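Shown next, in structure tokens, is the structure this report addresses.
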There are 2 protein chains.
Amino acid sequence: MTEGQDRRELILSTAAELFAQRGLHATTVRQIGDAVGLFSGSLYYYFPSKDAILDELLTRYLDAIRVRYATVLAADKRPAETLHDLVVTSLEVAQEHPHAQAIYQNEGQFMREMPGFEQVQTAAADVQQTWLRVIEAGAADGSFRRDIPPRVFYRLIRDAVWLSVRWHRPDGPYPTRRLAEDITSILLDGFAARDAGDRPPDDPVSREAHLLP
Amino acid sequence: MTEGQDRRELILSTAAELFAQRGLHATTVRQIGDAVGLFSGSLYYYFPSKDAILDELLTRYLDAIRVRYATVLAADKRPAETLHDLVVTSLEVAQEHPHAQAIYQNEGQFMREMPGFEQVQTAAADVQQTWLRVIEAGAADGSFRRDIPPRVFYRLIRDAVWLSVRWHRPDGPYPTRRLAEDITSILLDGFAARDAGDRPPDDPVSREAHLLP
DNA sequence: GTCTATACATCGATAGAC
DNA sequence: GTCTATCGATGTATAGAC
């Protein structure tokens, strides 16, 4: 790891923070330079353009998420457990790439039209397919409701997980693991109160089934 | 309603569409002018600045939502029903102001720092308080779970509702009313399948309780 | 009311000294 | 590798003719 690589990483992470905080178009290369302690022109020694910084940022994040999703799927658990693991994994990756997640969330529409970001688009389609297949498997084996379109449930759980980066502080009193359990618990079992023992013990998705030991 | 007012409305709605589609900073006043069939300079006969267009757009939307929320609260129903009505109302207002909702979602971070948008900020705080009070009332009277922080549930349901404008097409085969019922049903009762009759009939939030007749 | 023309700032990016 | 200096494009907004 040479010193030049460190600078490159610093530019990358600083730009990510600014893009996420103030928006992609509202962030100028001069602001990035100021934040890393370089003049804007010097950035072009490391990156050919502002868009190249964005592209590398998102590609890294989406690659990371695909690798982690593949591990979850390889465990070959039942749909409800797989869904729970996808939530946990997504929150973990978001914690490792906090800004990239927000950038993709906020600037997604822009990148769908932008040429040169096809790689980002196909990676995003992969992610969607992963979620959808698990949800459809659960509908097929009877562990999930069939009266809700899989795409609708996919949107709800994906938005809940992905948007949590906007308000959740991983280092606060409400840890990421607890958030993952609460999201899974609400979306699978519901928020309405119910008496203990009102569900059959052999229920495939009892409230504790998807809590880690 | 003079002809000038019509033009003003056209500029407002056109700008809203562009802001929502391509992003606030990615939209130029020239593009707005082109879209309404005016030269960019002529826009300044109707509005003092680009930001003034944005401000009026969001203020109208947030005012509309506050009026409608007040009506829902005035009905003074039980928490679960009120929550359901807030979901329906939010989706209806989003349908009437489809672009403003998206703009606020996407550009919210920017406006929290921007001076001159204090009115937008206080209106947004009002909206949040409305949801939170209903959720807390439900936790207090025992109809909602107490093991989930109200703020967490608030974020989940708000994000689910507000982000649906990104993917839901009100004029498609999946109508807005159905979406409202499905969101309420999942978030209150859960997505996991369960046998009929596994819940007591006097359950305050049985699956059909918050379905309109 | 709308257009033509343009002021003025700021943007991303480049060239060349050091 | 970083800086100085600056180019050309583009952004918001204005001035004045019509």
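FYI, it's all coordinate maths here, none of it is from the lab. These figures come from a predicted structure and were not determined experimentally. Reconstructed Cβ throughout: ideal geometry from the backbone, glycine too, with neighbour counts over all protein chains shown.
Database remark: amide H of A:Phe144 closer than 5 angstrom to the amide H of A:Ala139, B:Ala193 (H placed geometrically; neighbours at sequence offset of 5 or more, or on other chains; Pro and chain starts carry no H). For chain A, the longest principal axis of the C-alpha atoms and the axis of helix A:176-189 are separated by about 40°. Pairs of Cα atoms in the stretch A:50-211 fall into 10 Å distance bins, from 0 up to the last occupied one, in shares of 9, 37, 34, 15, 4, 1 percent. A:Ala64 label point, 7 Å along Cα→Cβ, cut-off 15 Å on backbone N: hits in the stretch A:102-130? Backbone N within reach: A:102-105. Take the Cα of B:Arg178, go 7 Å toward its beta carbon, and none of the backbone nitrogen atoms of the stretch B:71-96 fall under 14 Å from that spot.
For the stretch B:1-140, the spread of Cα coordinates along the three principal axes comes to 57, 34, 22 Å, biggest extent given first. Here is how the number arises for chain B: DSSP H runs of 4 or more residues each give -39500 (n - 2.57), the sum is divided by the residue count, and the result at 222 nm is -22000 deg cm²/dmol. Given the protein assembly as shown, report the % of alpha carbon pairs whose separation exceeds 29 Å. When all Cα pairs of the protein assembly as shown are counted, 51 percent exceed 29 Å. Expressed as a whole percent, how much of the Cα-Cα distance distribution for the stretch A:1-48 exceeds 15 Å? Every Cα pair in the stretch A:1-48 considered, those over 15 Å come to 39 percent. Under the convention that each Lys and Arg Cβ holds +1 and each Asp and Glu Cβ holds -1, the size of the dipole of the stretch A:1-48 around its Cα centre is about 160 debye.
Computed on the Cα trace of the stretch A:99-138, the radius of gyration divided by the Kirkwood hydrodynamic radius gives Rg/Rh = 1.07.
For the stretch A:90-170, the residue among A:Thr130, A:Phe117, A:Tyr154 whose Cα projects farthest onto the positive side of the dipole built from Cβ charges is A:Tyr154. Database remark: amide H of A:Gly190 closer than 5 angstrom to the amide H of B:Gly190, B:Phe191 (H placed geometrically; neighbours at sequence offset of 5 or more, or on other chains; Pro and chain starts carry no H). Between A:Glu9 and B:Thr28, the C-beta separation translates, for a Förster distance of 30 Å, into a calculated FRET efficiency of about 0.35. Here the spin labels are modelled as points 7 Å beyond Cα on the Cα-Cβ line, and at B:Glu96 and A:Arg133 they lie 4.4 nm apart.
Projecting label points 7 angstrom from Cα along Cα→Cβ for B:Asp76 and A:Asp171 puts them 4.8 nm apart.
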